[in-house]
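Here is the structure we will look at, set down as structure tokens.
The values are calculated or read from the model by the stated rules, or taken from the named source; none is laboratory data. Quick caveat, the model's predicted, so the values are computed rather than measured. Cβ sites come from the backbone with ideal geometry, for glycine too, and all protein chains shown count toward neighbours. Surface areas here come from the heavy atoms of the whole protein model, side chains and all, with no ligands, DNA or RNA. Shrake-Rupley method; radii C 1.70, N 1.55, O 1.52, S 1.80 Å.
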Amino acid sequence: MDDSHNAPADSSGITYTELPESAGRDTADQLRLLIENVTDYAIVTLDTHGHVASWNPGAERIKGYRAEEILGQHFSRFYPPEALAKRKPWKALEVAAREGRFAEEGWRVRRDGSRFWANVVISALYEDGRLRGFGKVVRDFTDRKQAEERRELERLREALHDRDVFLSVASHELKTPLTPLQLKLTSLQRLAENTPEGALSSARVARELDVARRQVRKLADLIEDLLDVSRINVGKLSLEPEPMDLAAAVREVVARYTPQAAQVDSTLTLDAPAPVEGVWDKRRLDQVVTNLITNALKYGAGGPVHVRVSTENGESCLSVRDEGIGIAPEDQPRIFDRFVRAVSERNYGGMGLGLFITQQVVEAHGGEIRVHSAPGQGATFTVRLPPGSAPSGR
């Protein structure tokens, strides 16, 4: 390419190819024709006070005014009343004059009174340091705005539906432990009222109170799950890492849930031949193990549940495997979402929070959780944790 036809670059203005004078006039005409023939953009110039000085066909198409109707009029007539009350047109010019450019999106008014969503850029036009006016480019983004509003409306509808489903499930789940708790307390009260003083069997009282205690614990766990979801939503799921043995922590949980496994005709087996040490939040990992074991006992009732703790490739691994109903492939990607259950709530209770919270806790430690399952063949959840220090919060 022959550089002899190129004018030196000048960032202060438009650079044209150096051609004979007649060709230069053609170039200026091309620029004029470009502005005159653009219909997708309103390209307007304003004087220093904001009065319309030029009007292209794109402006007529978007705003509805013919040139003879709008030339000399103040551009504030394109603004809705609420914007005029805030003096937005004049403030826009002030910003453009001071900073060289003003840009925003907002509602504007057409000639027929209808509104459109405008993308607006106002540029100050300076020559030799003197403000000569403003250039204004407007695009009609109404279709895009309406599409965004439709998407937002759909998200709100989904959120409301999820809320209604959650409230329905939560009320049912919270009532589940409350009902037997009330019955046991009522039974104890009547027993105390109808039994001569000193004749009340301490063994029977202990049994009744143990049932009541378990229901209170279940209720407390449900409430704690709800609080955890709230903490996660605002980014306040805190961790308190400390040196610990994962194998010992898992052994405690397995011992705690062995009686519950027997109640559903299941067995809990643990394979943890050696300590697995690291720096983690013990209470949160207890929560992870508890959620995975209770999940396995719920969906694998009647069969064995196998728990394994090991170290693989420098990572600490926990796996919980059941031989229950399994999870369909299409449901596996969403089982870690909040309030999601891959089975009918009529057959299996729960608020759909356990796996969601589990994943959040594991990821807060810098780890990951995966599931391997097939319908009718049970499910295996595998947690991998780095051994180093966990972050202090998330």
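Points to keep in mind about this one:
- Carbon plus sulfur fraction of accessible area for the range 289-341, probe 1.4 Å, in percent: 47 percent
- Three-way shape call for the range 42-131 based on the alpha-carbon gyration tensor, with the a/c threshold at 1.5: oblate
- Calculated FRET efficiency, Ser54 to Leu153, Cβ-Cβ distance, R0 = 41 Å: about 0.55 to the nearest 0.05.
- Between Arg251 and Arg87, the contour length at 0.36 nm per residue exceeds the alpha carbon distance by 52.1 nm.
- Contour excess over end-to-end distance, with Cα ends at Thr258 and Lys145 and 0.36 nm allotted per residue: 35.0 nm
- Ala274-Glu315 FRET efficiency (beta carbon distance; Förster radius 25 Å; 0.05 resolution): 0.95
- For the range 253-281, the residues whose amide N sits under 20 Å from a probe point set 7 Å from the Cα of Arg217 along the beta carbon direction are 253-270.
- Proximity of backbone amide H atoms, modeled 1.01 Å from N, is registered between Gln73 and Val52 at under 5 Å, excluding neighbours fewer than 5 places apart on the same chain.
- In the distance distribution for the range 237-323, Cα-Cα pairs more than 19 Å apart total 37 percent.
- Phi angles of the range 270-280 translate, via the Karplus equation with coefficients 6.51, -1.76, 1.60 and θ = phi - 60°, into HN-Hα couplings of 10, 10, 9, x, 9, x, 10, 9, x, 10, 9 Hz per residue; Gly and Pro are given as x.
- Extending 7 Å from the Cα toward the beta-carbon at both Ala374 and Arg101 defines two label points whose distance is 5.9 nm.
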